[in-house]
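Before any comments, here is the structure.
The values are calculated or read from the model by the stated rules, or taken from the named source; none is laboratory data. Only a predicted model underlies this, so the values are computations on that prediction, with no experimental measurement involved. Backbone-built Cβ (ideal geometry, glycine too); neighbour counts: all protein chains shown.
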Amino acid sequence: MNGAERNPTRFGAAGRILTVASKLFIGNLDYSTSEAELQALFAQHGGVASADIVLDRMTGRSRGFGFVAYESADDAQRAISALDGAQLNGRQISVSLARERDGNRGRGADAGPSGGRRGRW
């Protein structure tokens, strides 16, 4: 299945349909940033459907990035323009459209079963 055949919609809070164009990736977050702070900042630029910070599975601590979903793609674009490079809790955050996750899970282009490690010795 190629990218054009994929369904670019997801269901958000209260069953709202969200498009990929309305979901943002937020990078370089301070580890102490809360989801409430993220939601409050992004709500200044439109209707926020959800704000999530990604946590480490083992420690439960923030991994330093998150996602904000808007109710409209126009609101998402306004937020990118206004907040990319802005300061939040002493860090310059990066804001961009979220990309759909592929099956590779960050192993790199030439990764095999060993996670991309080739003959170290």
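Worth pointing out:
- Close pairs (9 angstrom Cβ cut-off, 6 or more residues apart or separate chains): surrounded by fewer than 15 Cβ atoms within 10 Å (Cβ to Cβ) and aliphatic (A, V, I, L, M) in region 48-76, at pLDDT 95 or above and in a loop (DSSP other than H, G, I, E, B) anywhere: 55/61
- Count - residues of region 33-47 that are among the small types (Gly, Ala, Ser), part of a loop (DSSP other than H, G, I, E, B) and surrounded by 15 or more Cβ atoms within 10 Å (Cβ to Cβ): 1
- For region 88-121, a residue qualifies if it is exposed (fewer than 10 other Cβ atoms within 10 Å of the Cβ) and either in contact with a helix residue (DSSP H, G or I) (Cβ under 9 Å, 6 or more places away or on another chain) or modelled with pLDDT of 95 or more (or both), and the qualifying residues are 90, 99.
- So residue 83, is it crowded, with 17+ Cβ neighbours inside 10 Å and not hydroxyl-bearing (Ser, Thr, Tyr): yes
- Residue tally, condition among the charged types (D, E, K, R), in a loop (DSSP other than H, G, I, E, B), closer than 16 Å to residue 42 by Cβ and out of contact with any Gly (no Cβ under 6 Å at 6 or more places or on another chain), over region 54-99: 1
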